[in-house]
Amino acid sequence: MPLELRTQRDGRLRKTWYGRYEINGKLIRPNLGVKIAGTPPASLSLRDKGDAIFERSRGTAQAKLDRIVEEARTVRSAGRLAEMVYEATTGEAIKSVKLDELAAEWGRLPRKHEPDERYASQCKKTLERFVEFVRTHNGKAAELAQVTRNTARAFMQAETERNVSGKTWNDTMKLLRAAFHHLLPPGALNPFADMPTKDTETVFRKPFKPEELKAILQAGKDDDFIRPIIVTGMCTAMRRGDCCMLAWKDVDLERGFITVKTAKTGQTVSIPIFGLLRDELVKQAAASERKGDTGELVFPDQAAMYTENPDGITWRVKKVLAVALGAVKPSAEALPEVSEAEAKRRGHEFIARLPDSEKKQRMLAVFDAYMDGKKTCEVKAAAGVSKGSVSGYLNEIERAVKCQIVRGRPQGGSVTAALKTDMSLLRTKRNDSERAASVRDFHSLRVSWVTIALTGGVPLELVQKVTGHKTTDVVLKHYFQPGREDFRMALQSAMPNLLTNGHQTPKEEMREMLATVRPVALRERLLKVWARL
């Protein structure tokens with residue numbers, strides 16, 4: 001266990017003593033933090049002696065090094081003892097998880113409920129990003145047990161610099177803390193233990209009013225792809241993935257119920273089938289029969305998109321919402337509508353004037369397939385081009401012939417362009433992050449269902465049977481979001497005898513009224529809502 005004198009690049013002696021020792025084949029050379037005093041030997045070799053003051057500092061450094069080595073060996077021995085006890089008790093040897101295996105080992109952990117594929121994929125990407133960070137921050141770390149608190153803090157600081165929201169930051173930290181907790185060997189220090197969470201700003205989804213729901217249905221009535229999913233979400237309060245992956249075995253049209261195990265929580269929920277949804281399901285069943293499709297899924301095309309590109313579902317829904325909520329305004333520059341025959345004639349004349357080339361042939365194939373009523377994915381396959389090329393060719397033709405060609409484009413311009421230009425149409429800014437939070441999206445249909453049900457007097461216990469939430473607090477905090485008018489109407493309907501002949505009820509009297517509401521959880525939520533109004 002020798003001491004060391006080290007010099008700087010310019011040859012000058014460093015001011016403190018260093019030590020050198022080996023534990024389990026690993027060489028460790030710590031800075032002992034003991035100042036070099038006196039005059040060292042001219043050779044700077046510790047085989048030689050310096051003056052008395054120097055030798056006293058040497059003795060102090062040696063004692064410090066002896067203590068460090070003893071503590072290291074004691075910790076290692078205690079750790080090995082814990083490993084031996086574990087092996088003797090279980091008959092299994094403790095596995096030291098390699099850092100590169102973190103994501104894979106996390107995926108193999110036993111769980112009460114298996115996470116859905118999308119959530120598992122997101123978690124694995126986060127773990128892989130962490131591993132890549134550790135490689136650059138501490139290249140010597142090869143196992144989980146070698147990740148230090150400093151590295152863990154540095155990674156979370158890097159997450160802060162990515163401008164993620166407080167919730168995302170907390171979710172990332174909790175994922176890593178849990179992964180290390182389950183995968184570290186006994187006695188190893190969890191570098192994320194005791195790391196505090198950030199204060200988060202809760203941004204609630206806004207529920208749609210009944211008239212807005214009607215507008216949404218109207219805006220999406222001609223979109224046979226996304227309309228069924230919107231109707232399903234609107235009538236069942238199911239999440240996006242559960243709607244897209246709905247199976248026929250879970251649908252009982254005869255008794256009028258959907259009974260399904262939710263992907264997120266694993267809870268089995270029973271939901272009555274309303275007339276609007278029944279019509280959509282009957283239509284879907286008839287279409288599947290015509291196609292000879294005997295698959296298990298109610299919406300196979302939508303399920304395929306959700307599996308491959310869930311954001312594609314979200315984007316299609318947002319385009320419908322943008323039209324329904326008036327996000328796209330009429331414009332004086334809107335292209336005029338003409339008959340289908342006239343649009344075809346103009347398009348063919350424009351393409352005929354182009355010089356002969358492969359592009360001309362591809363454009364003609366795209367235009368003909370599209371004008372025959374094929375969807376974009378079908379046009380892409382028929383013409384042998386990319387989706388972007390389909391869009392580019394059609395827009396080029398439309399600009400040249402000066403009439404509407406692209407179907408589903410509202411008067412006044414592209415919904416996609418409007419959303420990309422102004423993302424605040426369906427979002428709001430956060431205080432704890434530069435990234436905007438979504439307040440109007442598919443999940444708002446779920447919030448709308450809960451809000452309308454509770455304000456309409458449906459018992460909270462029945463609402464929970466539909467949403468699958470185990471506690472009332474989650475339902476009341478995140479899903480019950482009545483507006484001022486909804487709040488007033490709910491109270492008028494529930495307690496008409498307490499109203500004062502059409503006059504506004506004084507605040508103190510209103511509080512007394514709310515104090516009589518049952519159950520207690522609903523009363524507390526109503527009091528909080530009233531305090532904000």
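The values are calculated or read from the model by the stated rules, or taken from the named source; none is laboratory data. The shown structure was predicted, so the numbers you read here are calculated from the model rather than taken from an experiment. Using ideal geometry, Cβ is built from the backbone for each residue, glycine included, and neighbour counts are taken over all protein chains shown.
Brief remarks on what is shown
- Top-ranked residue of the range 232-270 - restricted to ones that are of a type in the set (Ser, Thr, Tyr) and buried (at least 20 other Cβ atoms within 10 Å of the Cβ), ranked as nearest to Lys375 (Cα to Cα): Thr232
- Flag for Lys360 being farther than 28 Å from Gln218 by Cβ, touching a helix residue (DSSP H, G or I) at 6+ places or on another chain (Cβ under 8 Å) and not acidic (Asp, Glu): yes
- Residue in the range 310-317 that is surrounded by 13 or more Cβ atoms within 10 Å (Cβ to Cβ) and in contact with a strand residue (DSSP E or B) (Cβ under 8 Å, 6 or more places away or on another chain) present: no
- Odd one out for Thr232, checked against (1) in a loop (DSSP other than H, G, I, E, B); (2) at pLDDT 90 or above: (1)
- Of the listed requirements (1) in contact with a Phe, Trp or Tyr (Cβ under 8 Å, 6 or more places away or on another chain); (2) surrounded by 15 or more Cβ atoms within 10 Å (Cβ to Cβ); (3) not assigned by TED's automatic domain parsing to the domain that holds Val260, Ile229 misses just one: (3).
- Scanning the range 361-396 for residues being farther than 19 Å from Phe225 by Cβ and in a loop (DSSP other than H, G, I, E, B) gives a total of 3.
- Leading residue by the ranking (nearest to the chain's Cα centre (by Cα)) among those in the range 73-124 that are at pLDDT below 75 and basic (Lys, Arg): Arg118
- Identity of the residue in the range 192-219, part of a helix (DSSP H, G or I) and not hydrophobic (A, V, I, L, M, F, W, C), that ends up modelled with the lowest pLDDT: Pro210
- Taken over the range 92-146, the residue count meeting the criterion of being touching a residue at least 12 places away in the same chain (Cβ under 8 Å), within 28 Å of Ile28 (Cα to Cα) and of a type in the set (Asp, Glu) is 2.
- Within the set Ala304, Ala332, Ala343, the sole residue that is closer than 23 Å to Asn395 by Cβ, of a type in the set (A, V, I, L, M) and at pLDDT 85 or above turns out to be Ala343.
- Check on Leu176, aliphatic (A, V, I, L, M), under 23 Å from the mean Cα position of the chain (by Cα) and crowded, with 18+ Cβ neighbours inside 10 Å: yes
- Of all residues in the range 259-282, those satisfying the criterion of being in a helix (DSSP H, G or I) and either in contact (Cβ under 8 Å) with a residue 40 or more places away in the chain or polar (S, T, N, Q) (or both) are Leu276, Leu277, Glu280.
- Subset tally (residues that are of a type in the set (D, E, K, R) and closer than 21 Å to Gln218 by Cβ) for the range 298-326: 3
- When the range 14-46 is filtered for residues that are touching a residue at least 40 places away in the same chain (Cβ under 8 Å), farther than 15 Å from Thr60 by Cα and assigned to a strand (DSSP E or B), the ones remaining, listed by number, are Tyr21, Ile23, Ile28.
- Unique residue being within 23 Å of Lys198 (Cβ to Cβ), among the β-branched types (Val, Ile, Thr) and in contact with a His (Cβ under 9 Å, 6 or more places away or on another chain) when the list is Thr160, Thr151: Thr151
- Test: residue in the range 245-258 that is closer than 23 Å to His113 by Cβ, in contact with a Lys or Arg (Cβ under 7 Å, 6 or more places away or on another chain) and either in a loop (DSSP other than H, G, I, E, B) or of a type in the set (Ser, Thr, Tyr) (or both): no
- Considering the conditions (1) exposed (fewer than 13 other Cβ atoms within 10 Å of the Cβ); (2) in the same structural domain as Val317 (by TED's automatic domain parsing); (3) part of a helix (DSSP H, G or I), Asp222 is excluded by exactly one of them, (3).
- All told, Tyr370 falls short of being surrounded by 14 or more Cβ atoms within 10 Å (Cβ to Cβ) and assigned by TED's automatic domain parsing to the domain that holds Cys243.
- Checked against the criterion of being surrounded by 16 or more Cβ atoms within 10 Å (Cβ to Cβ) and not aromatic (Phe, Trp, Tyr), the candidates Ala145, Ala120 yield just one match: Ala145.
- Any chance Ile273 is over 27 Å from the mean Cα position of the chain (by Cα) and either surrounded by 13 or more Cβ atoms within 10 Å (Cβ to Cβ) or at pLDDT below 90 (or both): yes
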